[in-house]
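The values are calculated or read from the model by the stated rules, or taken from the named source; none is laboratory data. In this text the structure is predicted, and so the values were computed from the model without any measurement. When we count neighbours, we look across all protein chains shown, and the Cβ atoms used for this are built from the backbone with ideal geometry, even at glycine.
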Amino acid sequence: MSVKKALDDFGKYTVKQARTNLTKKKKNDTKGLYNSISYDLEVSKNSFSLSFSMDGHGKFIDKGVKGVSSSAKAPNSPYKFGTGTGKKGGLTSGVDGWVKRKRIQFADKKTGKFMSYKQTAYLIRNSIWNKGIETTNFFTKPFEDAFKRLPDTLINAFSLEVDNLFNFTNKK
């Protein structure tokens, strides 16, 4: 097996499993993040470069986000609501769109009437802001699993590449 093939298999496996995890964890609402997960393998004469990419909010779904008043859902996350470093209105637009797509409307406890989408979205946003977003590791887990399997494969591939280079050099 060549180094290129080993790294290509690593990239394909990681992307496939990350997409599967998104679907299993019901985090695949619009398929935007799902479709954005990809890898790029660049091969040059003396080096290889493998990189992964996805929509920006994928890192928050993967690592989770600590809430303003609780970090129970994502205790080890490097991200936290309320730091002022995030995109302004990102949570608002995301939740508003999700509530409308899913047609979610809470009922008012006193009157029994349905709340507007805007009111429902506000309550959900407020809960997410305070409690945070749960860590899913939808990308981290398959990456780590593939990485654990990679060394043996890569070592074997490298030894074949070196053998082929050695044989080619000796024939000249």
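Assorted remarks:
- Looking across region 127-143, the residues that are of a type outside the set (A, V, I, L, M, F, W, C) and more than 15 Å from Lys73 (Cα to Cα) come down to Thr140, Lys141, Pro142.
- Complete set of residues in region 113-151 that are in a helix (DSSP H, G or I), among the small types (Gly, Ala, Ser) and under 24 Å from Lys88 (Cβ atoms): Ala121, Ser127
- Members of region 61-91 that are part of a helix (DSSP H, G or I) and loosely packed, with under 14 Cβ neighbours inside 10 Å: Gly90
- When residues of region 92-112 are limited to those that are among the β-branched types (Val, Ile, Thr) and outside any loop (DSSP other than H, G, I, E, B), the one modelled with the lowest pLDDT: Thr92
- Between Leu160, Leu154, the distinction of being modelled with pLDDT of 60 or more, over 20 Å from the mean Cα position of the chain (by Cα), under 20 Å from Asn46 (Cβ atoms) and not in a loop (DSSP other than H, G, I, E, B) belongs to Leu154 only.
- Every pair of residues 6+ apart whose Cβ atoms lie under 7 Å, when the first sits in region 1-20 and is small (Gly, Ala, Ser) while the second is surrounded by 19 or more Cβ atoms within 10 Å (Cβ to Cβ): Ser2/Ala157; Ala6/Ala157; Ala18/Ile37; Ala18/Phe138; Ala18/Phe139; Ala18/Pro142
- The set of residues from region 1-37 being surrounded by 13 or more Cβ atoms within 10 Å (Cβ to Cβ), within 12 Å of Met54 (Cβ to Cβ) and among the polar types (S, T, N, Q) comprises Thr14, Ser36.
- Count of region 114-131 residues, restricted to those that are under 21 Å from Phe81 (Cβ atoms) and of a type in the set (Ser, Thr, Tyr), is 3.
- Options Lys63, Lys26: the member that is touching a Ser or Thr at 6+ places or on another chain (Cβ under 9 Å) and charged (D, E, K, R): Lys63
- The lone exception for Trp98 - which of (1) without any contact (Cβ under 8 Å) to a residue 60 or more places away in the chain; (2) surrounded by 11 or more Cβ atoms within 10 Å (Cβ to Cβ); (3) not small (Gly, Ala, Ser) it fails: (1)
- Filtered by the rule that a residue be surrounded by 11 or more Cβ atoms within 10 Å (Cβ to Cβ) and charged (D, E, K, R), region 38-60 gives Asp55, Lys59.
- When Lys113 is tested against (1) under 30 Å from Leu7 (Cα atoms); (2) over 25 Å from the mean Cα position of the chain (by Cα), only condition (1) is not met.
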